[in-house]
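One structure is given here, and the rest of the page talks about it.
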Amino acid sequence: MNRQHVTLLVMLDLSSAFNTVDHDILLRRLNHEFGIKGRVLEWFTSYLSKRSPFISVKGGRSRLFDVSCGVSQGSCLGPLLFVLYVSKLFSIVEKHLPDAHAFADDSQLYVSFKPDSTCDQLAAVTALEHCIDDIKDWMLSDK
């Protein structure tokens, strides 16, 4: 703020993000991008497989149901696994913007510029547009 710059901010909130994590993609990413192999990868595979939770409300309990995707948002591992799952997002952002902040499924993309510089304004808007386009393309194709 002291630099008298204008800041453009885009906030991304991935709806139902933790519930939509594809286990096969996550396991492949853990293996190929993060080098997790052997017994540790087997442990993650087991952790994500054949999960059958139930819902309990006021003493009543639902039937067990199978969960084929997602990670537990309230667990210790859930947020970490989610961040590893969407790690490509940060690579995309770094390609276009100098700064971004993220916490699990909420991300803020921003770029600052001098308000009296038309060139800086255009560059900032263009960088954000290209970044958002690349994020959209990645989200549609990363299956």
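Observations
- Listed by position, the helices (runs of 4 or more DSSP H) contained in the range 31-143 that have at least 2 residues being exposed (fewer than 12 other Cβ atoms within 10 Å of the Cβ) are 38-48, 87-96, 118-141.
- Test result for Thr45, polar (S, T, N, Q) and farther than 21 Å from Thr20 by Cα: no
- All positions within the range 95-118 that are modelled with pLDDT of 90 or more and not basic (Lys, Arg): His96
- Residue match in the range 59-70 (condition: under 23 Å from Lys136 (Cβ atoms), under 14 Å from the mean Cα position of the chain (by Cα) and not polar (S, T, N, Q)): yes
- Subset tally (residues that are small (Gly, Ala, Ser), closer than 25 Å to Ile132 by Cβ and touching a residue at least 24 places away in the same chain (Cβ under 8 Å)) for the range 71-95: 1
- Within the range 1-30, the set of residues being part of a loop (DSSP other than H, G, I, E, B), within 16 Å of the chain's Cα centre (by Cα) and loosely packed, with under 12 Cβ neighbours inside 10 Å comprises Ser15, Ser16.
- Checking the range 13-34 against the condition returns a match, with at least one residue being among the hydrophobic types (A, V, I, L, M, F, W, C), farther than 30 Å from Pro115 by Cα and free of Cβ contacts under 8 Å to residues at least 24 places away in the same chain.
The values are calculated or read from the model by the stated rules, or taken from the named source; none is laboratory data. Keep in mind the model is a prediction, meaning the values are calculated, not measured. Heads up, the Cβs are rebuilt from the backbone with ideal geometry, glycines too, and the neighbour counts pull from every protein chain shown.
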